[in-house]
Structure formats: C-alpha cells, structure tokens
Amino acid sequence: MSEGPSPNIALVGSPNSGKTTLFNALTGLRAKTGNYPGVTVDRREGVFREGPHQVRLVDLPGTYSLHAISEDEAVSVQVLRGELEGVEAPDAIVVVADATTLERSLPMIAEVLLLGRPTLLALTMIDELKARGGDIDLFALKRELGVPVIGVVGNRGLGVADLREQLLDPASWTPSQNLPGGDTEARFAWADALLQRITRHPVSESRLTRRLDGLLLHPIFGGLIFLAFVTFFFQAIFTWAGPAMDAFAGALDQAADWTLVTLPESWATDLLADGVIRGVGSVVVFVPQIALLFALILFFEACGYMARAAFVVDRIMGWVGLEGRCFVALLSSYACALPGVMATRTIPSPKDRLATILVAPLATCSARLPVYALLISAFVPAAPVFGPITMQGLTLMGLYLLGAVSAILFAAIFKRGMLRGASLPFYMELPPYRFPSFSSLGLQVWRRVQIFLAKAGRVILVGSIALWFLLNFPTVEPPEGATEAGAAQFQIENSLAADMGRALEPVFGPLGYDWRINIGLIGSFAARELMVSTMAQVYAYEGGEEEVEGFADLLTRADPATGEPLMSAAAGFSLMVFFVYAMLCVSTIAVVRRETASWRWPLFQFGYMTAVAWVGAFVTYQIAS
Amino acid sequence: MSGALSVTPPREPISLADLPRVGLARVVSVKGGDATSQRLRELGFTPGTEVDFVRRAPLAGPLVVQLRGYQLALRPAEACRVLIETPTGGQP
C-alpha cells in the first residue's frame, strides 16, 4: 500500500453533468458499487494512484440542489455534511458542473462551497462550450470562487491528468468568503451577476439538438420513431444476443458431458455435471443478453435519447399513473426481470418506482420463452391463419400481450390504491444530444453484469444443486432387467422430488397438474429456465433440450400405464396462463428484496402474482376441459 | 398576438402551463412553499427569468421550456405553479 496521505474525495453534481463519466475516467476498473446502509441508493467508490499517493473517490448520486427531495439526493447531502452514519465525511469535495449550463448550476456550486470544506470545481463539456461559441474566463471564475477550477472533457480524457494531480493536495482549496447566503433567489441573482463578469461570449443553443428534437419529439414522427426504437430494442436483445447465448450454452453442455465422461462414475460427478455446471450454465447463458440490454439502455441514456423516449410516452404512462421513465424499466423486463428491477433506479419517485418493480415480472421475460415454445408446439396446431401467420404464432403473441396488459392493469390498480399520489414532482431535463464515452459505458455495463452474476448466480446455483439432490435421493435399486432409461425413470418416481410433487397435488390438482408437472414447477421456482430441463428428466425425454418438437410430441403421447395423454391440452393451456402470472423466480425475489430494502414488498409481490396465477390457470383449465 | 403592441395596464400573471408559443415571457413567482415549489425555484424559475416555449406533447402531455440555457420538461400539474408575465398579459 502507499505511504502518502490518502484523501477521501466526494464527487457531487447535478444529473447529466458528466460526473459519472469523469468518475470512470479517474478510477477505471478500480471502482466498486454497493448500497448505502439502509437505503437502495447506488454507492460507487474507487481509488486511483498517482506516484506514491492514493486518492479515494466516492461518486455521489446526482442532485440539483442541497435541499434534497428524494432519497438519493438526501444521501448525497448527508454524505457531504458528514451526517450519514457509517460513512466518513469526505476530506474534500469536487463539484462537477456542465460548462454549458452554468447559469443553472452556479447557485448549487455556491451551496456546496458554503459548506466550508476544501472544494474544487471541475467544469465538463468544455469542448461543447467552445463548439457552441461560448467562452468563459476560467481564471476570473477561479478568482471569484477562491477554489481551483479545471476544465475537463471526461469522454476524451482531456484535463483528467491535470485533475488527478490537483486531487493529491486538497488542503489548499479554500472557498472564497464572498459567497451569497440567503435564499434560492439571492443565489440566482449572485450567479447571474457573476456570469456577466466572467462570460466573454455566451453559449448558443445546440443546433443539432434543435433539429433532432424537431423530428424525434414530433407529435407523429416522434411516436413512429419511438415505435421503431422499441422494435429495434427487442430485435437486438432477442436475435443479436442469440448466437452468443447459443455458443455459451453449447460450450457448457460440452463441459458437462466432458465431466461425465472423464471423471470416475459417481454421484459426485453427476452432481458436478448436472447440478453445478448446467446450473451455473443456465445463468451464464443470459450474460450476453443482459450485457447487450444494458449497453443499449446506457448508450441511449448517455446520448440523450432515453429522456426523449420518456417524454414521448409520458402521457400514456400518465394514464396508468406512472411516468415516462418507468417505461425503460418495463422494456428491460422483457429480457429479464432482474435488469428491469435494477433499471428502476432512474425513477425519482419512490411510489412510481415501487409500482414499476411490482409489475416488472409480468413482462414476458426470455426465460419463459422455452416453456411457451414447448407447450405451444405440443398443444396448438400449426395451422395457418392468415398468410405466414399461424395459430402457434398468434398464441405466443397472445401470451406476450396478456403479460403486457396485466402489467399495465396492475400498475394502474397499485397507483390508484396503496401507492396513490405523486410524492415527487415530475420534471426532466432534456440534455443536448451528446456522443457517449465508450470506455465509461463499458465500465457501467460490466458493473451491472457483476451484480446480475452475483445475485442470480448464487441463487440459481444453490437452487439447481438442491434440485439435483431432490431428484436423485433417496437412491433406489431399479427393478431387475430395467433399461437405463427405465432405471432413471424409476429413480425419479421414487425421489424426494416426486414426494414433493405428490404432496402439491391438492394445491395444483384443480389446475390440472399431476406430480410430474409439479416437479417442473418446483424446478422453475429456482429459475424458470430450469423448467424445461427438469420436465425432460421427469418425463425421461431422451433427445437434446433443443429438440422442442420431439419433447412436445412425447407430452401428447399416451401414458402406457393409464392410456391418458401424459399431459392434457387443458393442463397445457392452464400451465401457459400460470407462467404468465406466477413469480416463479427466486432471483427476482432476491433482487426485489435488495431494491426495496425490505421483505415486505417481495412477499406481497409473490403473494399477489401467485394468487392471480392460480385463479387464472384454474379458470383456463375449467374452460378448456 | 394582436395586442402585442397596445399599451395596457398591468394584468394578472398567467400560469406557465399557458405559455404562448411565441414571444417573450418572464417568471413572476412560484406559488407555494412546499418541496415541489422549492425545487422549481432551484431549477431556475426565479423572478425575472426568461422562459421560452419549446414544444408541448399532444393530449395535454408534458411541456418543454427553455430557461437559463437548458431545456426542461414539466407536466401541466407542475407548470401551473409557475406564474409568468408576457407583454400581452393574460391572453396567450
């Protein structure tokens, strides 16, 4: 470790000030994310070294003033004042401000300077200021404020080396004594007068932004472009991530097979191959999709389009009782509820955020797709309806629509009921369009993938190991002369899982499910993606997992023992509806617990979704049979 | 905008939600003393600040205004807390 002093410096600034890009440029990979104690506000900390010295940096949530009105703003203010328990007060503060919007941010800069701590002002977007014809006398600004002022271009690294050097010695950053006390009005009056003195040439408006907004926010074209954006988003996360996901899945399958062949035959080898490797595999397979999803969200966020998308859908979301920014989180949930729930952090109002979290798992996540594919190809005829559109395609679309409509409906119910009222005003800055920094984006994507792996990985690994034990214990001797498949079947019929499946029959019997489907449901509770593989084991399907048709065909065949089909069509439809609503995913429960900092909401969510799923599936079964 | 040049006695201020599409507007005050009103002041709606209309989403959706060198989207519910004056007073 270093010998020199190790100052602890806090980065504070308004949203869109380029603060996070600057933080990433300073700390790179040596940063970690977590939560502040007791609240669900991102805590980003990092270190950087300059010669023998080490500097610790903390990136505080963006805030427009020190009069906090939301949870994350409150955290910023408490940390700055050294009032947050368990977090040490910073030795010095770096205020990050966009050089093109000083007219708005100077009053907050004054507020921070008035805290009396050593402070430095980092002015970002200096290149954009020049490009838009603006010119500010930074020396005069430094003289007036009494603290160092450094111009930086975070996304190109300009000025960052200079800033690093300055950060080593915060003791000399003493704010001026001539700063405005008093109210907001007095601070703005002071800021206006100061700007008059230091502005050589005012910044003109971004012509690119005006032109692009004329199109992207147009009452008609804006809406069409938004629809095209959503289509593009879906297409990207479902088809572009496909090859990478298939490659991951293939490699893991090979690893599991290799383990089975190479290691001595024992239950430990089986556990390693089928429990651990395939279990971890079912999580890792989603990494390309989640990384791509976050890369797209963060890219469109950084270049300025997400704020426009939120503007375009705000009216529609308003009917439900939510706001435009909730849309992004719901959209993400179509890949997976975990990133969707994590993406709700951009929603400032806690009530809107909670309502969005509560309905996010109703969006059809990609883990449901294999289940739908199996059930649809088993029970829905492929008959053409119109042109290339078949009954099967329409059914799949119907299931997606059912999820979407239900999400909207329940959001409306929650916002009109227990989450009534706007606790925060709606306002949203529309920043100029900007070209994002790819290294900063990469770091942010990486941090989110880490959270996903840590959360989902642990839960699904434990779940798939537990499931393996349930299916393989107690060990029974197969009857004389049984084939290998018959022996495996006999083992499962006498396993703990089968006991549990039979014990659940009174609960799920009215929905048309027998003990075999119940085992599948137990498996899918660890992760929906385990449903198909568990069912394949239970029904002793010998083909590969990709061969949906073969497995679907098997499900409709008659059970040799009873003469009835293994799964009835009514049970199949009932199961589809159950999957639309049921919160069959421990990882989502864990993430909701983390994001709401209590067990109350995940339990409520689990309760309402299970109840709706049961009733929906019951009605479907009764009608279909 | 037929009355733009006529000299009339001071009129009642209008709300920002009724901001005219063209012409000059200045903030008179922000109604209320709660957190929302305080935040509107901190976003720069202080007396005398010039506000320009940028666009309005259809169906009484949010309004985009330009003030202090940046653009801000507000819903009508928040915008109506900001009182403005125009050369033609209360006739947007």
Problem - Contacts under 8 angstrom Cβ, first residue in the range A:387-398 being touching a residue at least 12 places away in the same chain (Cβ under 8 Å), partner open to solvent by 50 Å² or more (accessible area, probe 1.4 Å), 6 or more apart - result: A:Gln392/A:Pro381; A:Gln392/A:Ala382
Exercise for the section: Consider A:Ala613 carefully, then state whether it is at pLDDT 85 or above and in contact with a Gly (Cβ under 7 Å, 6 or more places away or on another chain). Expected result: no
Exercise for the section: Using the structure shown, decide if A:Gly572 is at pLDDT 80 or above and part of a helix (DSSP H, G or I). Expected result: yes
Practice task
Scan the range A:224-245 and report the pairs whose first residue is under 14 Å from A:Val328 (Cβ atoms) and at pLDDT 80 or above and whose second residue is open to solvent by less than 30 Å² (accessible area, probe 1.4 Å) and in a helix (DSSP H, G or I), with Cβ atoms within less than 8 Å and a gap of 6+ or a chain change.
Solution key: A:Phe226/A:Ala309; A:Phe226/A:Val313; A:Phe229/A:Tyr305; A:Phe229/A:Ala309; A:Val230/A:Leu331; A:Phe233/A:Leu296; A:Phe233/A:Leu331
Handout entry: Single residue of the range A:546-568 satisfying the filter (open to solvent by 50 Å² or more (accessible area, probe 1.4 Å) and part of a helix (DSSP H, G or I)) that is modelled with the lowest pLDDT
Key = A:Glu549
Exercise for the section: Go through the residues of the range A:163-175 one by one and say whether even a single one is in contact with a helix residue (DSSP H, G or I) (Cβ under 8 Å, 6 or more places away or on another chain), open to solvent by 80 Å² or more (accessible area, probe 1.4 Å) and without any contact (Cβ under 8 Å) to a residue 40 or more places away in the chain. Expected result: no
Practice task
Determine whether the range A:176-184 contains at least one residue that is at pLDDT 90 or above and open to solvent by less than 80 Å² (accessible area, probe 1.4 Å).
Solution key: yes
Exercise for the section: Name the one entry in A:Leu271, A:Leu260 that is at pLDDT below 85, surrounded by 14 or more Cβ atoms within 10 Å (Cβ to Cβ) and farther than 25 Å from A:Cys585 by Cα. Expected result: A:Leu260
Practice task
Scan the range B:37-92 residue by residue and report those that are among the hydrophobic types (A, V, I, L, M, F, W, C) and at the interface with chain A (Cβ under 9 Å from one of its Cβ atoms).
Solution key: B:Leu40, B:Leu43, B:Val54, B:Ala57, B:Leu59, B:Ala60, B:Val64, B:Leu67, B:Leu72, B:Ala73, B:Leu74, B:Ala77
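Yes or no, residue by residue, for (1) closer than 23 Å to A:Ile347 by Cβ; (2) within 14 Å of another protein chain (Cβ to nearest Cβ); (3) of a type outside the set (Asp, Glu):
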| residue | (1), (2), (3) |
| --- | --- |
| A:Leu57 | no, no, yes |
| A:Ile69 | yes, yes, yes |
| A:Gln78 | yes, no, yes |
| A:Pro90 | no, no, yes |
| A:Gly133 | no, yes, yes |
| A:Leu141 | no, no, yes |
Problem - Which listed residue is more than 34 Å from the chain's Cα centre (by Cα) and under 26 Å from A:Ser440 (Cα atoms), from A:Ala99, A:Ala110, A:Ala131, A:Ala122 - result: A:Ala131
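This table checks each residue for (1) open to solvent by less than 20 Å² (accessible area, probe 1.4 Å); (2) at pLDDT 95 or above; (3) closer than 20 Å to A:Ala189 by Cα; (4) in contact with a helix residue (DSSP H, G or I) (Cβ under 8 Å, 6 or more places away or on another chain).
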residue	(1), (2), (3), (4)
A:Gly116	no, no, no, no
A:Ile126	no, no, no, yes
A:Gly134	yes, no, no, yes
A:Val147	yes, no, no, yes
A:Gly154	yes, no, no, yes
A:Gly159	no, no, no, yes
Exercise for the section: Among residues belonging to the range A:508-522 that are in contact (Cβ under 8 Å) with a residue 60 or more places away in the chain and assigned to a helix (DSSP H, G or I), point out the one that is farthest from A:Gln622 (Cα to Cα). Expected result: A:Leu521
Exercise for the section: Can you confirm whether the range A:317-336 contains a residue that is of a type in the set (Val, Ile, Thr) and under 14 Å from the mean Cα position of the chain (by Cα)? Expected result: yes
Fill in the blank from the handout: Exception for A:Ala249 within (1) exposed (fewer than 12 other Cβ atoms within 10 Å of the Cβ); (2) at pLDDT below 90 falls at (1)
Exercise for the section: Kindly list, by first and then second residue, each pair from a residue in the range A:495-506 that is within 16 Å of A:Thr534 (Cβ to Cβ) to a residue that is assigned to a helix (DSSP H, G or I) and open to solvent by 70 Å² or more (accessible area, probe 1.4 Å), limited to pairs with Cβ atoms under 8 Å and residues at least 6 apart or on different chains. Expected result: A:Leu496/A:Phe469
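The values are calculated or read from the model by the stated rules, or taken from the named source; none is laboratory data. Just so you know, these numbers come straight off a predicted model, no measurement behind them. Every residue, glycine among them, receives a Cβ derived from its backbone with ideal geometry; neighbour counts consider all protein chains shown. Surface accessibility is based on the protein's heavy atoms, side chains included, excluding ligands, DNA and RNA. Shrake-Rupley method; radii C 1.70, N 1.55, O 1.52, S 1.80 Å.
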